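What follows is a single structure, written as structure tokens, with notes after it.
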Amino acid sequence: MKKWNCIIWGHGRDYDNYINAIKLQEMHGAIKVIGITAKDKIRAKRLDGYPVIDKEDLKDADFDIVIVASLNKFAEIQKSIMQKGIDDMKIVSIRIFSIPNLNFDKYIEIKNSKLSIFSNCCWGGITYNKLGMQFYSPFINMFLDCQDYLKILGEPKKYMNSPMELVKYAYAPKRLYPVCDLNGVRLHFNHYSSYVEALELWEKRKERINWDNIFIMMYTEDKGEAEMFTELKHKKKVCFVPFETTQESLFYIDREYLVGNDKDVPFYDLINGLAWGMYKYYDILDLLLGDKNKTRLI
């Protein structure tokens, strides 16, 4: 296991909230914090035992990772760090230290692989957010019918090269949202208020797809759709289903374990809840690396 030399960027409230988790990773030998930078001068040479480093001296420091200790300003700080000539792959959000059972090596492997997550609901976007990663997929803040989604998965490059057009606006709580046509399939951008915004972000994120490293996620309650999913040729794929199965690419989610006898909770809410961490089930890093596990339940 490699020990990653880390610089912590900032020392505000988020730093205080996460410093114990960072120190735990140090105790495990996964990382070594070699310094902290700060916008305002600290009247000390060390903070919590770590050297205080001027941002301008970063070019002379021997580090592997910069940990941005700000949740709300991560994107802004990330940009300023990159302007100093530091590669994006070296920059992580302090948020990742809240990942249960964090294995730092596995996290860095996934981040550096620029994994593109395709999903038919918000699971992909939530997972990206939890991992503090850039969206390498256009399937963000939207949903689509399983049958339409399976058509895309059968010929993804064909559909990604097709123009997207507005069909209508549909109603969701708090907003009207655009429903779009993509070569005969319907995309529901239920987290956007305008077609212009949805189209702009779809096109921008579509250009980031890493066709050499795609993870396909789907959920369905229909056994026929699940069977169709198993026949897809994608190497890394998982379909969450509410029934027991022996198919390798299907992942049985035990509804009773998650919510008991409460049948009013829609299955898609359970799936998004798994991504948010509301329910304890799989190790997300292992899952994205191909291990369909239930290790958190052992």
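The values are calculated or read from the model by the stated rules, or taken from the named source; none is laboratory data. The model shown is predicted, which means the values in this text are computed figures rather than measured ones. Positions of Cβ are generated from backbone atoms using ideal geometry, with glycine treated the same way; all protein chains shown enter the neighbour counts. What goes into the accessible areas is simple: the full protein's heavy atoms, side chains included, and nothing from ligands, DNA or RNA. Shrake-Rupley method; radii C 1.70, N 1.55, O 1.52, S 1.80 Å.
Worth a mention:
- Chymotrypsin sites (Phe, Trp or Tyr not before Pro) restricted to segment 118-216 and DSSP loop, no more than 15 other C-beta within 10 Å: W211
- Charge dipole (debye, nearest 20) of the chain; +1 at Cβ of Lys and Arg, -1 at Cβ of Asp and Glu: 840 debye
- Hydrodynamic radius (Kirkwood) for the chain, which is based on Cα pairs only, to one decimal in Å: 21.0 Å
- Segment 150-201, Rg to Rh (Cα coordinates; Rh as Kirkwood inverse mean 1/r): 1.00
- Simple spin-label estimate for L232 and N72 in nanometres, 7 Å along Cα-Cβ: 3.8 nm
- Value at 222 nm in deg cm²/dmol, rounded to 500, when DSSP H runs of n ≥ 4 in the chain each add -39,500 (n - 2.57): -9000 deg cm²/dmol
- Given in Å, the Rg to one decimal and the Dmax to the nearest whole number for the Cα atoms of segment 97-247 are 15.8, 45.
- Order by protection proxy (mean Cβ within 10 Å, highest first), peptides 23-29, 62-68, 6-12: 6-12, 62-68, 23-29
- Segment 99-117-segment 179-255 distance, computed between alpha-carbon centres (Å): 20 Å
- Whole-number accessible area per residue in Å² for segment 103-219, which is evaluated in the context of all protein chains at 1.4 Å: 43 Å²
- Cut-off under 5 Å, modelled amide H: who pairs with D283 long-range: N293, T295, R296
- Counting protein heavy atoms only, the chain has 47 percent of its accessible area on carbon and sulfur, 1.4 angstrom probe.
- Relative intensity, log₁₀ I(q)/I(0), of segment 168-298 from a Debye sum that treats every alpha carbon as a point, q = 0.11, 0.22 Å⁻¹: -0.51, -1.33
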